[in-house]
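The block underneath contains the structure these notes are about, expressed in structure tokens.
The values are calculated or read from the model by the stated rules, or taken from the named source; none is laboratory data. Because the structure is predicted, anything quoted here is derived from the model rather than measured. For neighbour counting, all protein chains shown are included, and Cβ atoms are generated from backbone atoms with ideal geometry for every residue, glycine included. The area values use the complete protein model at the heavy-atom level, side chains included, leaving out ligands, DNA and RNA. Shrake-Rupley method; radii C 1.70, N 1.55, O 1.52, S 1.80 Å.
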Amino acid sequence: MRILVQRYSALGDIALLLPVLAALKRDQPAVEIHLVSRPFIKSLLGDLDIHFHAADLNDRHKGFLGLWKLAQSLKREIKPDLVIDAHNVLRSRILNSFFRLMGLPVFRINKERKARKALVRKENKIVQPLKHSSIKYAETLQRAGLQFNFSEKETALYPLKEDDSVSEVPSPTAKFHLGIAPMAKHKAKRYPLAQMEKVLRHFGANKDYHFYLFGGPEEVADLEKLAQASKINYSMIAGKFRFPQEIAIMRKLHLMLAMDSSNMHLAALAGIKIISIWGATHPLAGFSPLGEHEELMVQIPRKDLNCRPCSIFGNKECFRGDYACLTHLAPEKIIAKIEQALNP
């Protein structure tokens with residue numbers, strides 16, 4: 001059987017989808033999986049037995065006519081038996097209509113949009129946990145008749161071969177090797193750098209700790225400033241490696257300190273301890289890292305700040321205007337979590 005899976009963004013969501021597809025492949029090795037997404041996603045597949053197809057949504061596959069061309073080429077090249085819409089946005093729904101016209105069955109993820117709105121609205125919130133995103137992906141595949149086992153509490157499945165290009169990392173002779181990814185796309189998910197500097201300064205004079213800074217190429221300058229201001233021993237990883245190489249490096253570390261961001265999910269693929277910092281978003285929304293990391297999450301409890309969560313993705317303005325969910329989060333709490341993780 002050949003299945004076509006649609007998911008066009010974002011990096012963190014792809015990282016939550018891949019272990020589900022890996023579990024399907026583990027339990028149903030005869031299933032041929034084809035993933036269509038944006039070109040930059042290709043390198044994230046690493047050694048997974050998944051066929052990749054790039055969607056040029058900014059040019060060749062842009063607009064209604066471009067999506068029709070994409071649907072035609074995917075049908076012709078793959079000859080899928082069914083289509084899984086793991087995105088459920090306007091673009092994928094248009095493609096779904098094309099695939100149905102071609103006689104293909106389509107199964108679409110249920111994003112629980114009504115429950116999401118109730119969780120993050122300003123008044124009369126309905127605060128209850130939503131299904132984990134990876135479980136939603138798995139249930140969509142299972143509704144299509146693909147039977148396999150998957151749990152969001154498992155260590156994420158991500159086969160990865162040895163890579164000589166990262167064999168010397170970590171190289172410093174420190175006792176503890178810690179990853180840190182302090183950036184996030186949205187302000188409502190980013191711990192203030194001045195407060196993060198206080199966290200790192202606690203470890204700055206101690207040669208037992210070495211930090212590895214992760215992020216995008218555009219964040220390198222800010223990461224350098226943060227590292228130098230906090231006087232930590234560090235290595236810059238951001239902007240130097242492809243995704244599988246970054247995950248290979250993460251696997252060698254004792255833990256990752258990250259925001260609710262793509263690097264948190266990449267660290268889950270690496271199977272290491274994750275200390276995650278939560279602001280406007282909340283694990284209840286179903287985007288927590290795969291595995292057992294609840295005890296290492298850092299956030300202001302809802303009983304102390306009942307406006308949380310105010311956003312599913314962190315892309316909304318703060319209801320209060322002061323981002324108290326982050327600015328009131330004491331650096332000492334994060335320091336305590338790091339020490340707890342390193343000395344259980």
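So here's what we get for this one:
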| read-out | value |
| --- | --- |
| Loop-located trypsin sites (Lys or Arg not before Pro) in the range 60-141 whose Cβ has at most 12 other Cβ within 10 Å (DSSP) | R60, R121, K122 |
| Rel. contact order, % - alpha carbon contacts under 8 angstrom, at least six apart, the chain | 18 |
| The chain, accessible surface, carbon-and-sulfur percent (1.4 angstrom probe) | 50 |
| Which labelled figure in (1) 24.3; (2) 20.4; (3) 21.2 is Kirkwood radius over Cα pairs in Å, once derived from the coordinates | (3) |
| Where N is the number of residues in the range 202-336, Cα Rg divided by 2.2 N^0.38 Å | 1.09 |
| Cross-link reach list, aspartates and glutamates versus K79, counting only Cα pairs under 16 Å and skipping chain neighbours closer than eight places | E32 |
| Structure-based [θ]222 nm, the chain - -39500 (n - 2.57) summed over DSSP H runs of at least 4, per residue, nearest 500 | -10500 deg cm²/dmol |
| Helix axis angle, 133-143 relative to the chain longest principal axis, alpha carbon, degrees | 20 |
| Cα-projected label distance for C307 with E224, points at 7 Å along beta-carbon direction, nm | 3.6 |
| Violating pairs (Cα-Cα greater than 23 angstrom) within the set K185/K316; K231/K316; K187/K225; K185/K252 | K231/K316; K185/K252 |
| Share of pairwise Cα separations in the range 92-210, more than 16 Å, in percent | 80 |
| Rg [Å, one decimal], Dmax [Å, integer] - the range 81-156, C-alpha atoms | 15.1, 45 |
| Residue-normalised accessible area of the range 37-151, expressed per residue, 1.4 Å probe, Å² | 53 |
| Share of pairwise Cα separations in the range 1-133, more than 21 Å, in percent | 45 |
| Relative contact order (%) - the range 69-179, alpha-carbon pairs under 8 angstrom, separation at least six | 19 |
| Accessible area expressed per residue, the range 241-300, with surrounding protein chains retained (probe 1.4 Å, Å²) | 24 |
| Charge tally in the Cβ shell below 15 Å around S151, where Lys, Arg are +1 and Asp, Glu are -1, S151 excluded | -2 |
| Inter-part distance where the range 282-344 and the range 181-224 are each reduced to a Cα centre, Å | 16 |
| For the chain, with +1 on Lys and Arg beta carbons and -1 on Asp and Glu, the positive-most of L160, I33, H186 along the dipole | H186 |
| Spin-label proximity, L342 to the range 248-281 - amide N less than 19 Å from point 7 Å beyond Cα toward beta carbon | 250-259, 272-277 |
| Cβ-placed point charges (K, R +1; D, E -1), dipole of the chain about Cα centre in debye, nearest 20 | 1360 |
